[in-house]
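The structure appears right after this line, and notes come after that.
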Amino acid sequence: MKLDSKIPEGPLAEKWSKHKFGVKLVNPANKRKYDIIVVGTGLAGASAAASFGELGYNVKAFCFQDSPRRAHSIAAQGGINAAKNYQNDGDSIFRLFYDTIKGGDYRSREANVYRLAEVSVNIIDQCVAQGVPFAREYGGLLANRSFGGAQVSRTFYAKGQTGQQLLLGAYSALSRQVANGKVTMHSREEMLDVVMKDGKACGIITRNLTTGKVESHSAHAVVLATGGYGNVFYLSTNAMGSNVTAAWRAHKKGALMANPCFTQIHPTCIPVSGDHQSKLTLMSESLRNDGRVWVPKENSDAEKIRKGELKPTSLPEKKRDYYLEERYPSFGNLVPRDVASRNAKYVCDEGRGVAKTGLAVYLDFADAIKRDGRDVIESKYGNLFDMYQQITGENPYETPMMIFPAVHYTMGGLWVDYNLMTNIPGLYAIGEANFSDHGANRLGASALMQGLADGYFVIPYTIGDYLAQNSYQKVSTDDEVFIEAQKSVEERINKLLSINGDKTVDDFHKALGLIMWNNCGMSRNETDLKKAKKEIQKLRMEFWENVKVIGTNDELNQSLEKANRVADFLELGELMIDDALDRSESCGGHFREESQTDEGEAKRKDDEFSYVSAWQYNGPEKPETLHKEELIFENVKLTQRSYK
């Protein structure tokens, strides 16, 4: 299979403008003849559906929540990047492009990343026009703050609720199109398959989560905006409903899955407190602007803190190790997420962790409060501090926060070309559901940027190029392809309900998560990966023989919902292991212990691995085929990343 990324010719800064001129257009009168399905209504999905409706297309939008406002995008805290250079500190579109390419450890396409940086400036204007209440400086101008992996302040924010405010903006645009009759909203419906005819996507199969009814929906194009698959690890900062099912079912119909092992571990999360937990809580990266990361220099002091014999506030400065500031003086506490996470793991492995479990480091605001005053810190981070105190029972104004890395985001996803279309004609993937922009590590505040860039400013242009070349005639839901797909979904549901084993779905999910975290998490090696592959295969076989799914299909049945999703996670987990085994280099969030510098940093192998790994499904119990899209760098020089 030859992968055609459809990257336009010409200078980097002109590619997107020329491409927009070169794509085929659908005239306004004809747009109402085309139907588009959008699956997922987070930032990417809601903005895309609203934009399609505004353009005149007929849109069906699907979400498994009761409202688009409950999409996981709402949980984003810290901010959204844009190359506005309002601070006059040297930012530019090219600098944002370069920081993103470098932050991703040179494992993403230049053209896609430059386009992201280019349209970032439009996103802020769009959101301000919608009434998004970004923070402002004293004079009324929009404020910025710094995030990891950058030496300029380009992050726009709304206190610690940026995702919520941006989603409400996109939701208002979506609601307008619902009221206008251009978007039909299908809430509490989960996509369980993609339908194809003559090699093209022509619709989806869904299950109503309230009634259990399985239904077919036809359209001229299908857009997946279903987020990432971090919950394959069980414990993550993702909403508990976040899953891979839509993307994975598309993969099993032929869509390639790209770089699945590229997982982001966020360095500032509230540490695990026990086996009872079902998810983890993010503490925004923005906190690293003012918080200082440290652990005791001596293991004996760390041991006393863990036992409750010593308070962190009582430990003298000379006995503290501000390890990020020491090792990376240029960036300090604002190194990229993969670097900060690995270093937290190192100091905890040395026995200097501070929680009872030994798996935590401190994020200390004492110096910032002394310098700026409590009122200033509270105005910036008040809601985050309140959330931390409610969860842990400790007051971060008086004692340092305890943080530890946790799974947060997935850079991998469905392979897409420059138009954001998968290798299946008519099937698109946007936002976190695709792989396109972040390489092996996403910089903080870039997820919101990508979601809104794809939804507002990229796919509304590129989808027309496909539709203009296709008939107005839609495939009927009475067609054999829909009947067969619906039958297949119903058979799978009945099989899950009929097993009636001894273990709950959560038992299997926890077991999978532990295998993935221990062997394919922050640090990976060949021996452990091979062991993990066998363990997952064994667990998957046991799942289909011994899972207990209670209830019936004709009702609200969360056990059945979870079973469908965990079955897909079990298959995805094995592919992630295969991808991590194949890539014997270290890059970004993928750290292979066999490939590191003398200083313990990630060591790439550019001559061997400057490619996108795109995996093709070949059927049950058959190994997947790896296709490689070579990455060509004409505008940046590949160097060993350094934040020192």
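The values are calculated or read from the model by the stated rules, or taken from the named source; none is laboratory data. Just so it is clear, the structure is predicted and the values come from calculations on it, not from any experiment. No Cβ is skipped: glycine too gets one built from the backbone with ideal geometry, and neighbour counts run over all protein chains shown. These accessible areas exclude ligands, DNA and RNA; they are computed on the full protein's heavy atoms, side chains included. Shrake-Rupley method; radii C 1.70, N 1.55, O 1.52, S 1.80 Å.
According to a simple spin-label model (label point 7 Å from Cα along Cα-to-Cβ), what is the distance in nm between D89 and E621? Label-label distance for E621 and D89, simple model: 5.8 nm.
Return the calculated 222 nm mean residue ellipticity for the chain, to the nearest 500 deg cm²/dmol, obtained by summing -39500 (n - 2.57) across DSSP H runs with n ≥ 4 and dividing by the residue count. Don't skip to the end; give the middle numbers.
Numbers: 19 runs with 237 residues, N = 644.
Only helices count here, giving -11500 deg cm²/dmol.
Here the gap between D598 and K534, fully extended at 0.36 nm per residue and compared with their Cα-Cα distance, gives a gain of 19.9 nm.
All distinct Cα pairs of region 1-105 go into the 1/r average, and the inverse of that average, the Kirkwood radius, is 17.5 Å. Both radii are taken from the alpha-carbon atoms of region 266-391; with Rh as the Kirkwood radius, Rg/Rh is 0.94.
Find out how many positive minus negative residues lie around V272, taking Lys and Arg as positive, Asp and Glu as negative, among other residues whose Cβ is under 11 Å from that of V272. It would help to have the intermediate numbers written out before the result.
Values: positive: K279, K356; negative: D275.
Taking every other residue near V272 into account, the sum is +1.
How tilted is helix 480-499 with respect to the longest principal axis of the chain? Cα atoms for both, answer in degrees (0 to 90, nearest 10). It works out to around 50 degrees.
May I ask you to give the percent of accessible area on the chain that is carbon plus sulfur, with a probe radius of 1.4 Å? C and S atoms contribute 48 percent here.
Distance from the alpha carbon centroid of region 86-123 to that of region 241-261 works out to 27 angstrom. Rolling a 1.4 Å probe over the protein heavy atoms leaves E535 with an accessible area of roughly 70 Å². With no solvent and one point per C-alpha, what does the Debye sum give as log10 I(q)/I(0) for the chain at q = 0.08, 0.10, 0.11, 0.12 Å⁻¹? So the normalised log intensities are -0.55, -0.89, -1.09, -1.31.
Let me check against my output: what whole-number percent is the relative contact order of region 1-148, with C-alpha pairs under 8 Å and at least 6 apart? If you can, show how the numbers build up before the last one.
Values: 124 pairs, mean separation 24.8, N = 148.
Across region 1-148, relative contact order equals 17 percent.
Region 293-354 and region 610-638 have Cα centres spaced 38 Å apart.
Please compare each pair in K297/K356; K6/K562; K213/K253; K311/K644; K15/K102; K279/K603 to a cut-off of 26 Å on the Cα-Cα distance and tell me which ones are over it.
On the way: K297/K356 17 Å; K6/K562 37 Å; K213/K253 22 Å; K311/K644 31 Å; K15/K102 20 Å; K279/K603 32 Å.
Checking Cα-Cα distances, K6/K562; K311/K644; K279/K603 exceed 26 Å.
By the gyration tensor of its Cα atoms, with a ≥ b ≥ c the square roots of the eigenvalues, what is the shape of region 496-603: rounded for a/c under 1.5, prolate for a/b over b/c, or oblate? Taking the square roots of the gyration eigenvalues as a ≥ b ≥ c, region 496-603 is prolate.
In terms of the Cα gyration tensor, with a ≥ b ≥ c the square roots of its eigenvalues, is region 380-447 rounded because a/c is under 1.5, prolate because a/b exceeds b/c, or oblate?
Numbers: a/c = 3.86, a/b = 3.50, b/c = 1.10.
The shape class here is prolate.
Quick check: with the 1.4 Å probe, what order do L560, L626 take by accessible area, largest first?
Numbers: L560 0, L626 45 Å².
Result, largest first: L626, L560.
In region 287-391, which GluC sites (Glu not before Pro) are in a loop and have at most 16 other Cβ atoms within 10 Å, using DSSP for the loop call?
Values: sites: E298, E303, E309, E317, E325, E326, E350, E378; in loops: E298, E309, E350.
Here the GluC sites (Glu not before Pro) that fit, given the DSSP loop and packing criteria, are E298, E309, E350.
For the pair T639 and A179, what calculated FRET efficiency results from E = 1/(1 + (r/R0)^6), where r is the Cβ-Cβ distance and R0 = 45 Å, to the nearest 0.05? Please report the intermediate quantities before stating the final value.
Values: r = 52 Å, r/R0 = 1.15.
That pair, A179 with T639, gives E of 0.30.
Placing a pseudo-label 7 Å from each Cα along the Cα-to-Cβ vector at A135 and E398 gives an inter-label distance of 2.5 nm. Taking every C-alpha pair closer than 8 Å and separated by at least 6 residues, the mean separation divided by the residue count of the chain gives a relative contact order of 20 percent. Annotation: D568 carries an accessible surface of approximately 0 Å², with a 1.4 Å probe and no ligand, DNA or RNA atoms counted.
Let me make sure I get this right: for region 375-515, a, b and c are the square roots of the gyration tensor eigenvalues over alpha carbons, sorted descending. Under 1.5 in a/c it's rounded, otherwise prolate if a/b > b/c, else oblate. Which is it?
Numbers: a/c = 2.93, a/b = 1.41, b/c = 2.08.
Since a/c reaches 1.5 but b/c is at least a/b, the shape of region 375-515 is classed as oblate.
For W517, the accessible area of its heavy atoms, probed at 1.4 Å with every protein chain present, is near 80 square angstrom. A Förster radius of 45 Å, combined with the Cβ-Cβ distance separating K311 from E9, puts the computed FRET efficiency at roughly 0.10. Which parts of region 462-499 would a label at D554 reach, counting a residue when its backbone N lies under 15 Å from a point 7 Å out along Cα-to-Cβ? Residues 494 fall inside that zone.
Principal-axis analysis of the Cα atoms of the chain puts helix 43-55 at an angle of about 40° to the longest axis.
Below 13 angstrom from the Cβ of L167, what's the summed charge of the other residues (Lys, Arg +1; Asp, Glu -1)?
Values: positive: R69, R70; negative: none.
Surrounding charge for L167 is +2.
For K319 and D606, the difference between the fully extended length at 0.36 nm per residue and the C-alpha to C-alpha distance is 99.3 nm. Spacing of the modelled spin labels on K495 and Q389, each 7 Å from Cα toward Cβ, amounts to 5.3 nm.
Region 208-232 and region 445-465 have Cα centres lying 20 Å from one another.
Report the full-extension gain for the segment N122 to K356: residue separation times 0.36 nm, less the Cα-Cα distance, to one decimal in nm. Working shown, then result.
Numbers: separation 234, 0.36 × 234 = 84.24 nm, distance 4.66 nm.
Extending this stretch completely gives an extra 79.6 nm.
Provide the per residue accessible area, probe 1.4 Å, for the chain, rounded to a whole number of square angstrom.
With all protein chains present, the chain gives 38 Å² per residue.
Work out the FRET efficiency for Y346 and L514 from their Cβ-Cβ distance, taking R0 = 25 Å, and round it to the nearest 0.05. List each step's numbers first, then the result.
Working: r = 21 Å, r/R0 = 0.86.
Rounded to the nearest 0.05, the efficiency is 0.70.
Restriction of the GluC sites (Glu not before Pro) in region 592-627 to DSSP coil positions whose beta-carbon has at most 15 other beta-carbons within 10 angstrom yields E593, E594, E599, E621.
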